[in-house]
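Enquirer: Here it is, the structure, as structure tokens.
The values are calculated or read from the model by the stated rules, or taken from the named source; none is laboratory data. Every value quoted in this text rests on a predicted model; they were computed, and no experiment measured them. Cβ placement follows ideal geometry from the backbone for every residue including glycine, while neighbour counts extend to all protein chains displayed.
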């Protein structure tokens, strides 16, 4: 019987285990996890930070599940080496676990920039980090989040939602610069400012102090006016301390959260002699150079790409599960289209694909309404949607995401995509103005013309019209319409109703 | 002097003056859907009824259909809560199929008119021949969800006792089977609505998942309207902005085949936003932990990407449901007719349980049953795995009880047989039945992959069809038996609420036709002896009561007299002194421990997804003017005028791309067949999806017969197609 060993019990590893078990009730499965608790849904940690979910609500598989499904789970047992010769993994406690198939799902770790005082900050990556941040947030008076990517924005929004004044520091010129163009970044910053997050872009952090963060001299923009206006506890009382070198600025904070990106955890693979570039290099079967060893999730590099989102990891898990259980030997992973969906209460943002293309490279459809926090952009090439930004709530997000994912042809009316209501056709006309051929009563197939001729024959109220035509006798919803038509006809002829 | 108003409803004149009083006629119910609207059917001399006009306050008077010597007038009843005085066009015109026109009145054997004795002798002889060669399972029976309880019961008994075949199933498998399976596993009992329909009006919020009652059962909408007039809010989930969705406060428009993911997303939000009814979950349910853990994997942004439903709308829906003091979740075929229909319904039931709805007065989960006797038809033994009283055929105690009522040895009863599509698919194959007796169904139109089904039917040694019109399937039969219908016979129906109703004979059948019970008696007499096969419905019902006694669907306390006096009785009703059970789950669920069960389920994509060759989803459904395969309604002039032909609904963007004009002819090409239809261009549908009604030959040439692993429901609601302009 095949022995499957999975190293890593996060989003990718836990998913793989349940996918394999769903396909094959017999295969022997052992899963090692670096963290001690039940696997949890990392994609939802921002919600835990924001207080919209409890840690218990983001747990994925419980101990009972492992027992019921005959899966050996070893949380908190660190794997230290792979002996590919013997087909065994070695653990810190000296255990040797033999495998026929090994799947590395070691994920990634937070990047901690080499700053003086970095140990005073908390990264935002694991449930443990999340719990540490929440514990500190209980007593903190001000927080700084370093890094304005997806996770940093979510963390800042979450902490602000807990009533903590937050400053978000970002090195690049605008927020989420990998996903957003400059204008979208600006509008996002303004939306966050309105929710109590002070935004500082283009700033370089020099040092983390006990009571704040020291910025490099002369870097960064002053807080935006919108931010200052909407954030009563703005820079005035928190801001520029004078404790540092001349020209340097200290942003006060007693909680500093680092959201400076992640890097794949590849040491095991590297030590075992497997090819590692940014991540562990795999082919379309998610197989490394060793046919018995696969890698999935954030530690894997497929076709030059390391994916940092959940959806690709789960697609990869499904492929490996198909192959390992021989459910579908032709299963292959062909890369994923990335849709980034911000989880921040009060800010709706979806960004996908090639959002940075210019008018020279693609057809761009754009709508901007900064006062309402709305920015929408479609990037179209060869009649297909290759990128989009939707900032601010819009029902278009469902359709646009589907078109991006499935590459379907676009309607000639691009604006209709951004404004679904407009394409929806005119609302039903008033019964008075509708043509005679229009159906008033759907249930009994009665047109306005039939009601008119019935009226001309002497029917002067709804009951008489109903008696002649059966209008109103089905679902009853057209009663007002019939009343309106009869009343209008009476009025036209000067007949008292 | 004004001239009489022009009637839009056939040969009828009315006076704008006060209508002359008219004999109300026989109090009965509509022949069509599961709402079973109450109606009075009056048969009178032609002139009198024609001039009679109206009764009661709408003043409307219904169809004038001529029977042999009489004219039939239909008026709505006000004492039946389901319709409370309303009728749709189908109901008003139902009388047109009474009488001789368009009816079968003579048995046909091999296409030639025959006497009843010749026809029944032929059937019996050919059945004997098939059985001699292929054994009892060489003969199969296929029933229908429109048959009365008495017929459904007798058909099951005939199959097991006379034919001794395990091969019996019915078209209800194509309707409510997924909801039935899900309700059974959650509540231990499947009663469509486990509350009176009048509870709807008192709700603060109702979520309808995949139901279009404004077209399928229009008077149902009166209950939704009453709810909304009180301030209650309606949420509709449908890939199309249907007539029902347009009446909703919130419409969620998912990609076909993604309802399960949507339900998981709603559950996720309900839990995350604190709408979970923890006290209820603790006191009245089991299994929440695991379902909660699986819901954690369905965060709304992920669900949005799969379903196309914006996160904000999901949050709105969850808030409306979570804030409601009384709320209901209802599923229809849109959620159920999938190869994952059972799991999809379970996901909606899980949502209802998390909100604390089932078993609470004024709240709950319910399935909106479709066919006229879809409820009763699934309770009394015409299903492959069932015996009367909603008993399982593989349960030794159930077999012993029913065998005793039937006077046979339990060991003689066959075991479970093939489900509906599997049965049709096996016909005429080496291992499959060689003969089929078919009652009240038209699978050539209504079964999935209908081309395959027609081919299987054609390969039979013997096809016998009992029907009152020459349906497409009857036209293929070796022997056609002309039967009575609806207002020509007595019988009980169990409506969508689980209320047992009395349908009464109101007019004399045309000469030459026989009731199904009489047909079964005639065949039993030729094959085994007539004992145990009375032709009188009341006698059959009394036996059904005994057979159902002690079962889940216990009818033993229900009598024709009580039904008439009480305007219906809710099952279970274990003795004649019992008041019936309008709300069965108030104190406990019908599970062994009395608790409702959360069921862990996972979303999966449609069995047949779109690709470059077939880039569009096809979903199927109904239109207001027609019922099921259209065998009845396509024979009624006013309904044909309202909806004359097969159409395909497509979005203006798609029409523009394909250069299709409104009314233009379009070829819909699928993986199993091709259908031609008229284009109906509407922004009500998603641009990635087209819709076809299934009342005509066409839609089901395309649908996918992939089956749900639990309910064996085919995937009617989603398959992949492409559109081409027809020449």
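Enquirer: Determine, yes or no, whether residue A:342 is closer than 29 Å to residue A:286 by Cα, without any contact (Cβ under 8 Å) to a residue 40 or more places away in the chain and either facing another protein chain (nearest Cβ under 10 Å) or within 18 Å of the chain's Cα centre (by Cα) (or both). Let's see the steps before the verdict.
Expert: Numbers: closer than 29 Å to residue A:286 by Cα: yes; without any contact (Cβ under 8 Å) to a residue 40 or more places away in the chain: no; either facing another protein chain (nearest Cβ under 10 Å) or within 18 Å of the chain's Cα centre (by Cα) (or both): yes.
No, not satisfied.
Enquirer: Looking for whichever is touching a strand residue (DSSP E or B) at 6+ places or on another chain (Cβ under 8 Å) and either over 17 Å from residue B:439 (Cβ atoms) or in contact (Cβ under 8 Å) with a residue 12 or more places away in the chain (or both) here; the options are B:362, B:356, B:370, B:377. Which one fits?
Expert: Working: B:362 fails: touching a strand residue (DSSP E or B) at 6+ places or on another chain (Cβ under 8 Å); B:356 fails: touching a strand residue (DSSP E or B) at 6+ places or on another chain (Cβ under 8 Å); B:370 fails: touching a strand residue (DSSP E or B) at 6+ places or on another chain (Cβ under 8 Å).
Going through B:362, B:356, B:370, B:377 in turn, just one is touching a strand residue (DSSP E or B) at 6+ places or on another chain (Cβ under 8 Å) and either over 17 Å from residue B:439 (Cβ atoms) or in contact (Cβ under 8 Å) with a residue 12 or more places away in the chain (or both): B:377.
Enquirer: If residue B:309 satisfies all but one of (1) assigned to a loop (DSSP other than H, G, I, E, B); (2) modelled with pLDDT of 95 or more; (3) over 32 Å from the mean Cα position of the chain (by Cα), what's the number of the condition it fails?
Expert: (3)
Enquirer: Here are the criteria: (1) farther than 16 Å from residue B:383 by Cα; (2) touching a strand residue (DSSP E or B) at 6+ places or on another chain (Cβ under 6 Å); (3) more than 14 Å from every other protein chain (Cβ to nearest Cβ); (4) assigned to a helix (DSSP H, G or I). Tell me which single one residue B:105 does not satisfy.
Expert: It fails just one condition, (4).
Enquirer: What tally of residues in the range B:576-605 results from selecting those that are closer than 30 Å to residue A:318 by Cβ and out of contact with any strand residue (DSSP E or B) (no Cβ under 7 Å at 6 or more places or on another chain)?
Expert: To start, the set of residues in the range B:576-605 that are closer than 30 Å to residue A:318 by Cβ comprises B:597-605.
Imposing the further condition that a residue be out of contact with any strand residue (DSSP E or B) (no Cβ under 7 Å at 6 or more places or on another chain) reduces the set to B:599-605.
Summing the residues that are closer than 30 Å to residue A:318 by Cβ and out of contact with any strand residue (DSSP E or B) (no Cβ under 7 Å at 6 or more places or on another chain) in the range B:576-605 gives 7.
Enquirer: Quick check on residue A:378: is it away from chain B (no Cβ under 11 Å) and touching a helix residue (DSSP H, G or I) at 6+ places or on another chain (Cβ under 6 Å)?
Expert: Details: away from chain B (no Cβ under 11 Å): yes; touching a helix residue (DSSP H, G or I) at 6+ places or on another chain (Cβ under 6 Å): no.
For residue A:378, the condition - away from chain B (no Cβ under 11 Å) and touching a helix residue (DSSP H, G or I) at 6+ places or on another chain (Cβ under 6 Å) - is not met.
Enquirer: Can you tell which of B:579, B:652 is surrounded by 19 or more Cβ atoms within 10 Å (Cβ to Cβ) and either within 28 Å of residue B:333 (Cβ to Cβ) or over 22 Å from the mean Cα position of the chain (by Cα) (or both)?
Expert: Working: B:579 fails: surrounded by 19 or more Cβ atoms within 10 Å (Cβ to Cβ).
Every option except B:652 fails the conditions.
Enquirer: Hey, can you tell me all the residues within the range B:298-333 that are in contact (Cβ under 8 Å) with a residue 12 or more places away in the chain and under 21 Å from residue A:312 (Cα atoms)?
Expert: Residues satisfying the conditions are B:298, B:299, B:300, B:302, B:303, B:304, B:306, B:307, B:308, B:309.
Enquirer: A follow-up question, please. Which ones in the range A:39-70 are more than 10 Å from chain B (Cβ to nearest Cβ) and surrounded by fewer than 17 Cβ atoms within 10 Å (Cβ to Cβ)?
Expert: A:51, A:55, A:63, A:67, A:69, A:70 - these are the residues of the range A:39-70 that are more than 10 Å from chain B (Cβ to nearest Cβ) and surrounded by fewer than 17 Cβ atoms within 10 Å (Cβ to Cβ).
Enquirer: In the range B:283-297, which residues are within 10 Å of chain A (Cβ to nearest Cβ) and not in a helix (DSSP H, G or I)?
Expert: Going residue by residue through the range B:283-297, those that are within 10 Å of chain A (Cβ to nearest Cβ) are B:289-290, B:292-297.
B:296, B:297, listed by residue number.
Enquirer: Going by the conditions given, is residue B:263 at pLDDT 95 or above and either more than 8 Å from chain A (Cβ to nearest Cβ) or within 23 Å of residue A:404 (Cα to Cα) (or both)?
Expert: Details: at pLDDT 95 or above: yes; either more than 8 Å from chain A (Cβ to nearest Cβ) or within 23 Å of residue A:404 (Cα to Cα) (or both): yes.
Considered against the rule, which asks whether it is at pLDDT 95 or above and either more than 8 Å from chain A (Cβ to nearest Cβ) or within 23 Å of residue A:404 (Cα to Cα) (or both), residue B:263 comes out as yes.
Enquirer: Still on this structure, please answer the following. How many residues are touching a strand residue (DSSP E or B) at 6+ places or on another chain (Cβ under 8 Å), closer than 18 Å to residue B:519 by Cα and in a loop (DSSP other than H, G, I, E, B) if we restrict to the range B:125-162?
Expert: Pass one, the range B:125-162, residues touching a strand residue (DSSP E or B) at 6+ places or on another chain (Cβ under 8 Å): B:126-127, B:130-131, B:138-145, B:147-152, B:155-156, B:158-160.
So of that shortlist, the ones also closer than 18 Å to residue B:519 by Cα come out as B:126-127, B:139-144, B:147-152, B:155-156, B:158-160.
Next cut, in a loop (DSSP other than H, G, I, E, B) only: B:144, B:147-148.
The total comes to 3.
Enquirer: Go through (1) more than 21 Å from residue A:477 (Cα to Cα); (2) modelled with pLDDT of 50 or more; (3) more than 14 Å from chain A (Cβ to nearest Cβ) for residue B:50 and report which single condition fails.
Expert: (2)
Enquirer: Tell me yes or no: at least one residue of the range A:177-188 is assigned to a helix (DSSP H, G or I), modelled with pLDDT of 80 or more and surrounded by fewer than 20 Cβ atoms within 10 Å (Cβ to Cβ). Walk me through how you get there before you give the answer.
Expert: From the range A:177-188, those assigned to a helix (DSSP H, G or I) are A:182-188; that's our starting set.
Now restrict to residues that are modelled with pLDDT of 80 or more: A:182-188.
From what is left, the residues that are surrounded by fewer than 20 Cβ atoms within 10 Å (Cβ to Cβ) are A:182-183.
For the range A:177-188, residues assigned to a helix (DSSP H, G or I), modelled with pLDDT of 80 or more and surrounded by fewer than 20 Cβ atoms within 10 Å (Cβ to Cβ): present.
Enquirer: Would you kindly identify the helices (runs of 4 or more DSSP H) lying entirely within the range B:163-282 that contain at least 2 residues that are in contact (Cβ under 8 Å) with a residue 12 or more places away in the chain and either touching a strand residue (DSSP E or B) at 6+ places or on another chain (Cβ under 7 Å) or surrounded by fewer than 21 Cβ atoms within 10 Å (Cβ to Cβ) (or both)? Can you show your working first?
Expert: Values: elements: B:177-187, B:213-216, B:221-229, B:259-272.
Where helices (runs of 4 or more DSSP H) fall fully within the range B:163-282 and carry at least 2 residues being in contact (Cβ under 8 Å) with a residue 12 or more places away in the chain and either touching a strand residue (DSSP E or B) at 6+ places or on another chain (Cβ under 7 Å) or surrounded by fewer than 21 Cβ atoms within 10 Å (Cβ to Cβ) (or both), they are B:177-187, B:221-229, B:259-272.
Enquirer: Any idea which residue in the range B:672-717 is surrounded by the fewest Cβ atoms within 10 Å (Cβ to Cβ), counting only those that are within 14 Å of another protein chain (Cβ to nearest Cβ) and in a strand (DSSP E or B)?
Expert: To start, the set of residues in the range B:672-717 that are within 14 Å of another protein chain (Cβ to nearest Cβ) comprises B:680-690, B:709.
Narrowing the set further to residues that are in a strand (DSSP E or B) leaves B:680-681, B:685, B:689-690.
Numbers: B:680: 18, B:681: 20, B:685: 25, B:689: 23, B:690: 25.
Of everything passing the filter in the range B:672-717, B:680 is surrounded by the fewest Cβ atoms within 10 Å (Cβ to Cβ).
Enquirer: Let me confirm something: among B:352, B:319, B:335, which residue is at pLDDT 95 or above, touching a helix residue (DSSP H, G or I) at 6+ places or on another chain (Cβ under 6 Å) and assigned to a helix (DSSP H, G or I)?
Expert: Numbers: B:352 fails: touching a helix residue (DSSP H, G or I) at 6+ places or on another chain (Cβ under 6 Å); B:319 fails: touching a helix residue (DSSP H, G or I) at 6+ places or on another chain (Cβ under 6 Å).
After applying the criteria, what remains is B:335.
Enquirer: Can you report the number of residues in the range B:455-471 which are touching a helix residue (DSSP H, G or I) at 6+ places or on another chain (Cβ under 8 Å) and either in a strand (DSSP E or B) or surrounded by 20 or more Cβ atoms within 10 Å (Cβ to Cβ) (or both)? Even if it seems obvious, please write down each step before you answer.
Expert: Here is the first cut: in the range B:455-471, the ones touching a helix residue (DSSP H, G or I) at 6+ places or on another chain (Cβ under 8 Å) are B:456-458, B:461-469, B:471.
If we keep only those that are either in a strand (DSSP E or B) or surrounded by 20 or more Cβ atoms within 10 Å (Cβ to Cβ) (or both) too, we end up with B:456-457, B:462-468, B:471.
Total satisfying the criteria: 10.
Enquirer: Tell me, which helices (runs of 4 or more DSSP H) wholly within the range A:1-69 include 3 or more residues that are within 26 Å of the chain's Cα centre (by Cα)? Talk me through it step by step, then tell me what you get.
Expert: Details: elements: A:11-23, A:45-50, A:63-68.
Where helices (runs of 4 or more DSSP H) fall fully within the range A:1-69 and carry at least 3 residues being within 26 Å of the chain's Cα centre (by Cα), they are A:11-23, A:45-50.
Enquirer: Considering (1) farther than 25 Å from residue B:200 by Cα; (2) in contact with a strand residue (DSSP E or B) (Cβ under 9 Å, 6 or more places away or on another chain), say which one residue B:571 fails and leave the rest.
Expert: Failed condition: (1).
Enquirer: So in the range A:442-476, with the set limited to residues that are outside any helix (DSSP H, G or I) and free of Cβ contacts under 8 Å to residues at least 24 places away in the same chain, which one is farthest from the other protein chains (Cβ to nearest Cβ)? Quick ask: steps written out before the conclusion?
Expert: From the range A:442-476, those outside any helix (DSSP H, G or I) are A:442-447, A:457-461, A:470-476; that's our starting set.
Among the residues that remain, those that are also free of Cβ contacts under 8 Å to residues at least 24 places away in the same chain are: A:445, A:447, A:457-458, A:476.
Numbers: A:445: 4, A:447: 8, A:457: 3, A:458: 4, A:476: 5 Å.
Of everything passing the filter in the range A:442-476, A:447 is farthest from the other protein chains (Cβ to nearest Cβ).
Enquirer: Is it true that some residue in the range A:22-38 is within 14 Å of chain B (Cβ to nearest Cβ) and at pLDDT 90 or above?
Expert: Filtering the range A:22-38 for residues within 14 Å of chain B (Cβ to nearest Cβ) gives A:22-23, A:37-38.
Checking the rest, the ones that are also at pLDDT 90 or above come to A:22-23.
Yes - at least one qualifying residue is present in the range A:22-38.
Enquirer: Right, another one. As an exercise: evaluate residue A:437 against (1) within 10 Å of chain B (Cβ to nearest Cβ); (2) assigned to a loop (DSSP other than H, G, I, E, B); (3) modelled with pLDDT of 85 or more and give the number of the one condition it does not meet.
Expert: Among (1) within 10 Å of chain B (Cβ to nearest Cβ); (2) assigned to a loop (DSSP other than H, G, I, E, B); (3) modelled with pLDDT of 85 or more, the lone unmet condition for residue A:437 is (1).
Enquirer: Any chance you could count how many residues in the range B:635-645 are crowded, with 21+ Cβ neighbours inside 10 Å and more than 14 Å from chain A (Cβ to nearest Cβ)?
Expert: Here the count works out to 0.
Enquirer: Next question. Which of the residues that make up the range A:385-404 are within 7 Å of another protein chain (Cβ to nearest Cβ) and either in contact with a strand residue (DSSP E or B) (Cβ under 9 Å, 6 or more places away or on another chain) or touching a residue at least 60 places away in the same chain (Cβ under 8 Å) (or both)? Write out each step before concluding.
Expert: Filtering the range A:385-404 for residues within 7 Å of another protein chain (Cβ to nearest Cβ) gives A:393, A:395, A:397-399, A:401-402.
Within the range A:385-404, A:393, A:397, A:401 qualify.
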